[in-house]
């Protein structure tokens, strides 16, 4: 395992060879999450002159830049980075990080939001901490309150999100089974 080194944000730059060419949505949500929870995953960088090019973590770098622009962090903010050797295949590393990841299942996301709310977190706080709207969190809470039998069918692929949303309209749990 490679050691993690803290590098000031102003010493980091985007790597032109990053395999993710299409700009993703969700930078604001990621920035909100970093502001609330910190940077949970280090960046992967390699030396590039006097700076370090971000080989893996371009969305995190964009979110950090957003936080810098908003005045939430300073230019010398210490970013945890894994430094790879210049001889390492940066394209392969960039591809590996982007290709072998999987988004969380929406049912799991719903359960997690419900758990936070059930523990007393206000909906507005949960929404802000994850860069979502209150409306989005409320929708996920409705989905989390659908019958466990139906949620399990959704997890197994027997129902799709639109079908679960239709069941969420009803507050009659017994009728959902």
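None of the figures in this text is laboratory data; all of them are computed from the coordinates on show. Given the structure is predicted, the values throughout are model-derived calculations rather than measurements. FYI the Cβ positions are ideal-geometry reconstructions off the backbone, even for glycines, and counts take in every protein chain you see.
Points to keep in mind about this one:
- Global size of the range 1-83 as Cα Rg and Dmax, reported in angstrom: 12.0, 34
- Overall size of the range 106-176 from C-alpha positions, given as principal axis extents largest first: 32, 22, 18 Å.
- Remark: 136, 113 ranked as 136, 113, counting other beta-carbon atoms within 10 Å and listing the fewest first.
- Footprinting exposure proxy ranking of 109, 162, 78, fewest other C-beta atoms within 10 angstrom first, gives 162, 78, 109.
- Shape call, the range 40-134: gyration tensor on alpha carbons, a/c limit 1.5: oblate
- Footprinting exposure proxy ranking of 46, 60, 101, fewest other C-beta atoms within 10 angstrom first, gives 101, 46, 60.
- From the coordinates shown, volume of the Cα convex hull per residue in Å³ corresponds to which of (i) 115; (ii) 93; (iii) 148: (iii)
- When peptides 48-58, 122-132 are ranked by their average number of other Cβ atoms within 10 Å per residue, the highest-first order is 48-58, 122-132.
- Shape of the range 51-91, Cα gyration tensor, a/c cut at 1.5: prolate
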